[in-house]
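The values are calculated or read from the model by the stated rules, or taken from the named source; none is laboratory data. Here the structure is a predicted model, which is why all the values come from computation and not from measurement. Cβ coordinates were reconstructed from backbone atoms using ideal geometry, including for glycine residues, and neighbour counts include every protein chain displayed.
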Amino acid sequence: MRLIQSKILCRESGLKFGALRRGLLLLLIATAAWAQTEARIESDEVKRVGSHLNCQCGCKDNLNCMMSGGQCPFCKPARTKIFRMQQAGMNDSAIIASFLKDFGDKMLRPDPDSSFWIVPYFSFGAGGILITFILMRMRGRSADLSTGGPSEAGEACLARYRSAIERDTATLD
């Protein structure tokens, strides 16, 4: 009788241990699947579409924003939706149109236009003009020095300063 009871107890504990092992295995598989999904919503294809859409959390960035370490309350679900739409076979323009239909025109992030490329050339030209102006003024001052010193107006100013210095030093003794 005792032998039968011990076999039953072993069998019951083995079932509990087996269920625990199966539960842990299921948890491990679920974690691996979740990690793969996380990597997929960070893929280049998802980021390509996300760069054309604005984040709605207030950061004024695109859907690839890294607010809260990539856990943005708006961007993460939106990137997941983009990934699912791509898996369903939708192209980029259809995905963008879907987001515009759901959230309105404020969601669209336009690409930079061709006038954007004028800015560096304009800045370079303005800097060149400024440097030329400064060099011309410095050259004019060096011309005054090469003619034998300061001009007549400069001489009068120096004479006034010299007389003031002599008056002040005469009262020091």
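Tabulated data
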{"item": "Flag if K47 is charged (D, E, K, R), within 28 Å of D113 (Cα to Cα) and assigned to a loop (DSSP other than H, G, I, E, B)", "result": "no"}
{"item": "Residue identified as in a loop (DSSP other than H, G, I, E, B), modelled with pLDDT of 85 or more and surrounded by 10 or more Cβ atoms within 10 Å (Cβ to Cβ) among M66, M85, M90", "result": "M90"}
{"item": "Candidates S123, S146, S114, S151 - the one that is surrounded by 10 or more Cβ atoms within 10 Å (Cβ to Cβ) and modelled with pLDDT under 80", "result": "S151"}
